[in-house]
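Trainee: Sharing a structure, written as structure tokens. Questions coming.
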Amino acid sequence: MRTVALAGRVFKEVYRDRAGITLGIIYPAMLMVIFVLIEGHVPVDIFEPINIMPGITVFSFAFLTMFSASMLARDREKAFLVRLLTTPLKPSEFILAYSLPYFLIALLQTAVMFLTGTLFGAPAGIGYITSLLFLLPTAMICIGIGMILGSLFSESALPAPGTITIVIIAFFSGAFADFKMIGGIIRTIALVLPFSHAVDGIRSILAGNPLSEVMNSLYMVIAYALLFYLLGVLFFKWRTRSI
Amino acid sequence: MSETLAIQMKGITRKFGKLTAVNNVNLSIKRGEVFSLLGPNGAGKTTTIKMLCCLLKPTSGSAVILGYDITKDSEKIKRIIGVSPQETAVAEKLTTRENLDLMARIFGFRKEDARDRVKTLLDMTELSERSNDKVKKLSGGMKRRLSLAMALISDPDLLFLDEPTLGLDPHARRSIWKQIEAFKGKKTILLTTHYLEEADALSDHVAVIKDGKIVAYGTPHELKRDTAAMQIMVIRAQRIPEICVDELKTKYPSVKETEEGLEIRGERLVFDDIVDSVRSHGVKIEWLTMKQPSLDDVFSSLVEKEGTE
């Protein structure tokens, strides 16, 4: 009950932040439309709706990092966290309340991106549901990174590490470039990070391939999700102990 | 611990690395009284409150809050206290009512009970008319009143108010004072402040804290009485040479230049001696006055005295 109350507050604050919603939902959807329109004139495989849609969706999750980090940093600085820490809330309730709402936002982002992609020709099907197996852990990675950044940086200092994170996720997800063509160190980094595995996994599912073909990618994304979420929780706990 | 005590601190100490923020503080606060912890910035006031609210563990010493040990019973303590932190500590994008409702639900109120309690507090803090406004649109004074209302949501026996009027204009400050005064005798209130006037107006007892140590304790009346012998002389002149100031410093404990002029403080100021001393350096005195010490002066005197020891 307490968790739901606090999670509701977090969701409301994110939802009421028009600039944030524009950046996290409308901007990626517009980008997708632009790339699909470009593809109509200059055929590039990667910009086809079925290929750009997974990349843009993962890219939109990068903004979850900023949502989560900003909320935590602001609550620390404005002492709202101090107020909450003097109530009977338990640590697990805090952590859930500060992360669950972002999964809802991630679902909202997914719905908007997939709807946009479908309108421009991506084939709707059961793959849309199955792809959540990749999308939810990817969102979890971003939420975990947000908790780490929000614990480490003040709200005013966040734009720099936040932007770097967004650029890394955008670049190394392979949403906008085919790493098989680039090769070298860039490809190696992309393969070490989980984002391109998530995008490739979803592309494969949407293309109608069986899930078993991308299980290794799925395990990797889930492992990263658990790692970053755990790190996020540890940083959050450390920060609340030294508040 | 006596049943008449709300808070009992025994040698409570908190260190951050080499810095001792709170140093062996022993204080007892009776139930129903308003107690002010008074001190300059960085004196250790907020750290003391954070330990009492179970946000920080003491490095050594102990404290008992309404019969519960802060190191062992933090869950129980958090159910019976209300805290208004130094910053306004409100959710800016929620409305006034939503902030209060959130706190009510965190404290486990059922929906109907939460609605009633929120209404009571909105009326009490005169925020009913702004209940549906987003908090970011409220004035600083209103946010402080909301912060106080949020601390009161569970009708706690013990309230911690950390600098409740910091940065407010005199009108908004008096509005908060009115709220605090309404609880006198009904709730125990520990407030921190660096406004002497505030401690004087509201408190049953005051402890002055400096560099983590309690340097004075008593009722506001006792504190003023203890330093009633203090005199303050202010001299204004075009220019008072440094050598003259240094000479006065050898005779009187506190000599400093203020906006009003050269201020000399001491328990037995010798008027003629000071005037002769200043004139002997060729200074033409434009204006001279003797001031009655205010509680602010008492506080400054205590803090300066402690600083020189």
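Trainee: Projected onto the charge dipole of chain A (+1 at Lys/Arg Cβ, -1 at Asp/Glu Cβ, origin at the Cα centre), which of A:153, A:201, A:183 gives the Cα projection farthest towards the positive end?
Mentor: The residue sitting farthest along the positive end of the dipole is A:153.
Trainee: Can you give me the C-alpha center-to-center distance between region A:1-25 and region A:158-220, rounded to a whole angstrom?
Mentor: Taking the Cα centre of each part, region A:1-25 and region A:158-220 sit 27 Å apart.
Trainee: So for B:267, A:93, B:198, fewest C-beta neighbours within 10 Å to most, what's the order?
Mentor: B:267, A:93, B:198
Trainee: Springs between alpha-carbon atoms under 10 Å, Gaussian network over chain B: tell me which of B:240, B:77, B:180 tops the mean-square fluctuations.
Mentor: Comparing B:240, B:77, B:180 in a Gaussian network model of chain B, the most mobile one is B:240.
Trainee: Excluding same-chain residues fewer than 8 positions from residue B:256, which lysines have a Cα within less than 26 Å of its Cα?
Mentor: Within reach: B:210, B:213, B:224, B:284, B:291, B:305.
Trainee: To continue, here is another question. Quick check for me: using +1 on Lys/Arg Cβ and -1 on Asp/Glu Cβ, what's the dipole size of the protein assembly as shown about its Cα centre, in debye to the nearest 20? Before the final figure, lay out the partial values.
Mentor: Numbers: 65 positive and 58 negative charges, 227 e Å.
Dipole magnitude for the protein assembly as shown comes out near 1100 debye.
Trainee: Taking only Cα atoms, what is the 0 to 90° angle, nearest 10, from helix A:132-152's long axis to the longest principal axis of chain A?
Mentor: 40
Trainee: Which of rounded, prolate, oblate describes region B:231-292, given a ≥ b ≥ c as roots of the alpha-carbon gyration tensor eigenvalues and a/c under 1.5 marking rounded, otherwise prolate only if a/b is larger than b/c?
Mentor: Verdict is rounded for region B:231-292.
Trainee: What residues have an amide H closer than 5 Å to that of residue B:232, excluding those fewer than 5 places away on the same chain, when H is modeled at 1.01 Å from N in the peptide plane?
Mentor: Under 5 Å from the amide H of residue B:232: B:291.
Trainee: Between region B:139-170 and region B:29-53, how far is it from one alpha carbon centroid to the other, in angstrom?
Mentor: 15
Trainee: What shape does region A:177-243 have by the C-alpha gyration tensor, where a ≥ b ≥ c are the square roots of the eigenvalues, rounded means a/c under 1.5, and otherwise prolate means a/b greater than b/c and oblate the rest?
Mentor: oblate
Trainee: With chain A treated as a Gaussian network of Cα nodes joined by springs under 10 Å, which of A:223, A:170, A:69 yields the largest mean-square fluctuation?
Mentor: Greatest mean-square fluctuation among the candidates belongs to A:223.
Trainee: Take every residue in peptide B:102-112, count the Cβ atoms of other chains within 10 Å of its Cβ, and give the average of those counts.
Mentor: 4
Trainee: Which percentage, to the nearest 5, of the DSSP beta bridges contained in the protein assembly as shown is antiparallel?
Mentor: 65
Trainee: Return a whole-number percent for the relative contact order of chain B, with Cα pairs under 8 Å and 6 or more residues apart as the contact set. Mind showing how you got there, number by number?
Mentor: Details: 557 pairs, mean separation 60.1, N = 309.
Taking the mean separation of contacting Cα pairs over the length of chain B, I get 19 percent.
Trainee: Rounded to the nearest 10 degrees, what's the angle between the helix B:170-181 long axis and the longest principal axis of chain B, both from Cα atoms, 0 to 90?
Mentor: Once rounded, one gets 60 degrees.
Trainee: Related question: On a 0 to 90 degree scale, rounded to 10, what angle separates helix A:100-119 from the longest Cα axis of chain A?
Mentor: Helix A:100-119 and the main axis of chain A meet at about 20 degrees.
Trainee: Let me ask something additional. Relative to the Cα centre, what is the charge dipole magnitude of region A:1-149, using +1 at the beta carbon of each Lys and Arg, -1 at the beta carbon of each Asp and Glu, and rounding to the nearest 20 debye?
Mentor: Its charge dipole is roughly 800 debye.
Trainee: Starting from the Cα gyration tensor of region B:145-279, take the square roots of the eigenvalues, sort them a ≥ b ≥ c, and report rounded, prolate or oblate (rounded when a/c is under 1.5, otherwise prolate if a/b is larger than b/c, else oblate).
Mentor: Cα axes put region B:145-279 in the prolate bin.
Trainee: Of the residues B:145, B:79, B:239, which exhibits the maximal mean-square fluctuation in a Gaussian network model of chain B defined by a 10 Å Cα contact cut-off?
Mentor: Answer for the Gaussian network model of chain B: B:239.
Trainee: What average count of beta carbons from other chains do you get within 10 Å of the Cβ of residues in B:91-98?
Mentor: 4
Trainee: Here is a follow-up. Lysine pairs in chain A 8 or more apart or on different chains: how many have alpha carbons under 23 angstrom apart?
Mentor: 5
Trainee: While we're looking at this one, here's another question. Please tell me the relative contact order of chain A in percent, rounded to the nearest whole number, where contacts are Cα pairs under 8 Å and at least six residues apart.
Mentor: Once normalised by length, the contact order is 28 percent.
Trainee: For an R0 of 60 angstrom, estimate the FRET efficiency from the Cβ-Cβ distance between residue B:284 and residue A:152 and round to the nearest 0.05.
Mentor: Calculated value: 0.50.
Trainee: What is the Å³ per residue value for the convex hull set by the Cα atoms of region B:5-222?
Mentor: 116
Bear in mind these aren't lab numbers, they're just calculated from the coordinates by the rules spelled out. This structure is a prediction, so every number in the text was calculated from the model and none was measured. Cβ atoms come from the backbone with ideal geometry, glycine included; neighbour counts cover every protein chain shown.
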